[in-house]
Amino acid sequence: MRDLIDNIENQLTKGRGRWIAEFNESFINYHIGSFMFPLFVRGQTRSKGFLLSRLFAYFALPNYLVGCFVYFDDIKKDSLGRLIKEMLRMMKKNNIKWSWLIIPKETEFSQKIKKIVEKNDISNIGIALINLKNKDIITNNSIIGRKIKTTLRF
Amino acid sequence: MKKISKINFSNLGKSFSIFFILIVALRVILNFLFTKIIIVEWWILAIEIILAAIVSYMYYRLRYHTIFSYDKENFSLEIGKEEKSYNWKDFKFISLYYAGLGKIFLRLYRSDIYKDDYIEIPVSDLGITPKGVREKVPKFIS
């Protein structure tokens, strides 16, 4: 799990998601309410760049705050709902436009959880369930959610 | 107190380049004003390089050189002439901030991570492993 945290952190902070956002600050063991996230990486949609790209970013890109939460504990239907609620509350309080929630697991996720995630239609949270054994990734159907699959490698 | 300090060749190189260009430009201007010709000699270049190296090293020590000292309760950060001391217990959150071009800072937040009330320790300039220090510091602040 430690390797996976380092892997996700390295990918995001070294610019893997630069087409979506520039992630540049990472926290470990970050708490929101009763939930503890082993990794929280935050950034913004306006990239810094150099000269022309910086100028372009300044005039063309909105400066939204974004975040990526990684959660490890065994997740159940209720706890997933509470987790999303807590995230939404935190996002609203701190003016975060959208977030990713990545939930990796060594074993298979229950069908119930998979269905809940697939049917989830929250537009500002992208959820990804990652089965580390067979590298299967299930995301919710929002644009933000689908982007996780194309951005990160597990 | 444990002391960590490392010469940052990037900043040293930056100040050397600035002073070298300034010294050469000044010499060429003065040279031209008084003699109406520009003298190009190897020994003059050597003197300029040595002079720029001395002045830039002094400037680097006054402006950029970073010394980080810490024990279990306090730490101090000395950047150039400026030295500030802090207590570990005054901080609640820790993060690694990637500023680009290989620069990494350890950020210590006093209250809220969405407020600008933090200090930055330039871990990449000090030659400290960023992830190692991020794991060590929570033991001091908790």
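Nothing in this text is a laboratory measurement; each read-out follows from the coordinates by a stated rule. Note that the structure is a prediction, hence the values are computed from the model and not measured. Glycine also receives a Cβ, built like all others from the backbone with ideal geometry; neighbour counts cover every protein chain displayed.
Data table
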quantity	calculated
Residue in region B:89-142 that is farthest from the other protein chains (Cβ to nearest Cβ), counting only those that are among the acidic types (Asp, Glu) and out of contact with any Ser or Thr (no Cβ under 7 Å at 6 or more places or on another chain)	B:Asp90
Selection status of B:Tyr86, in contact with a strand residue (DSSP E or B) (Cβ under 7 Å, 6 or more places away or on another chain) and within 13 Å of chain A (Cβ to nearest Cβ)	no
Residue tally, condition more than 24 Å from A:Phe27 (Cβ to Cβ) and polar (S, T, N, Q), over region A:40-55	1
Counted residues, region B:47-79 - those being among the basic types (Lys, Arg) and more than 9 Å from the chain's Cα centre (by Cα)	1
Filtered residue count, region A:1-52, keeping only those that are closer than 12 Å to B:Tyr98 by Cβ and among the acidic types (Asp, Glu)	3
Checklist (1) polar (S, T, N, Q); (2) in contact with a Lys or Arg (Cβ under 8 Å, 6 or more places away or on another chain); (3) outside any loop (DSSP other than H, G, I, E, B) applied to A:Ser79, failing item	(2)
Residues of region A:76-103 satisfying the condition of being surrounded by fewer than 20 Cβ atoms within 10 Å (Cβ to Cβ), away from every other protein chain (no Cβ under 14 Å) and not acidic (Asp, Glu)	A:Lys76, A:Lys77, A:Ser79, A:Gly81, A:Arg82, A:Ile84, A:Lys85, A:Leu88
Residue satisfying condition, being assigned to a loop (DSSP other than H, G, I, E, B) and within 26 Å of A:Asp6 (Cα to Cα), within set B:Ile119, B:Ile113, B:Ile104	B:Ile113
Residue in region A:1-60 that is nearest to the other protein chains (Cβ to nearest Cβ), counting only those that are touching a Phe, Trp or Tyr at 6+ places or on another chain (Cβ under 9 Å) and aromatic (Phe, Trp, Tyr)	A:Phe27
Residue match in region A:36-56 (condition: in contact (Cβ under 8 Å) with a residue 60 or more places away in the chain and outside any helix (DSSP H, G or I))	no
Residue satisfying condition, being surrounded by fewer than 21 Cβ atoms within 10 Å (Cβ to Cβ) and part of a helix (DSSP H, G or I), within set A:Asn29, A:Asn10, A:Asn63	A:Asn10
